[in-house]
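The structure appears right after this line, and notes come after that.
The values are calculated or read from the model by the stated rules, or taken from the named source; none is laboratory data. Everything numeric in this text was worked out from a predicted model, so none of it was measured. So basically every Cβ, Gly included, is an ideal-geometry build from the backbone, and we count neighbours across all protein chains shown.
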Amino acid sequence: MDRDTKIKRLRFRAWHRGTKEADLLIGGFFDQHHAGWTDAEIEQFEVLIEEQDVDIMAWAMGTQAVPDHYRGTLMQAMETLNYVPIAR
């Protein structure tokens, strides 16, 4: 599958998680960061979003330790939480 098609599929999956909170966290993260990702980071995100939303959210918020296989620049960026869109 070409990169553009993969990005479109990942965006859909990032924004259609099942809860509004997960959509905002995971979808907001995707929208903010995906343009600069390498192919390896895209693959890592692809694996990450197969995890349970509650786990991803807990890792991002620091309430659970991030598993070693997800540690790296992708998860460090997710832990900043500065990408969550908040209506004012």
key: Matching entry among Asp68, Asp31 (being surrounded by fewer than 17 Cβ atoms within 10 Å (Cβ to Cβ), without any contact (Cβ under 8 Å) to a residue 40 or more places away in the chain and acidic (Asp, Glu))   = Asp68
query = Restricting attention to the range 37-88, which residues are within 11 Å of the chain's Cα centre (by Cα), modelled with pLDDT of 95 or more and in a loop (DSSP other than H, G, I, E, B)?
reply = Ile49, Glu50, Glu51
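Per-residue answers, yes or no, for (1) among the basic types (Lys, Arg); (2) surrounded by fewer than 12 Cβ atoms within 10 Å (Cβ to Cβ); (3) touching a residue at least 12 places away in the same chain (Cβ under 8 Å):
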site: Asp4; (1), (2), (3): no, yes, no
site: Leu25; (1), (2), (3): no, no, yes
site: Ala35; (1), (2), (3): no, yes, no
site: Ile42; (1), (2), (3): no, no, yes
site: Leu48; (1), (2), (3): no, no, yes
site: Asp55; (1), (2), (3): no, no, no
site: Trp59; (1), (2), (3): no, no, yes
site: Gly62; (1), (2), (3): no, yes, yes
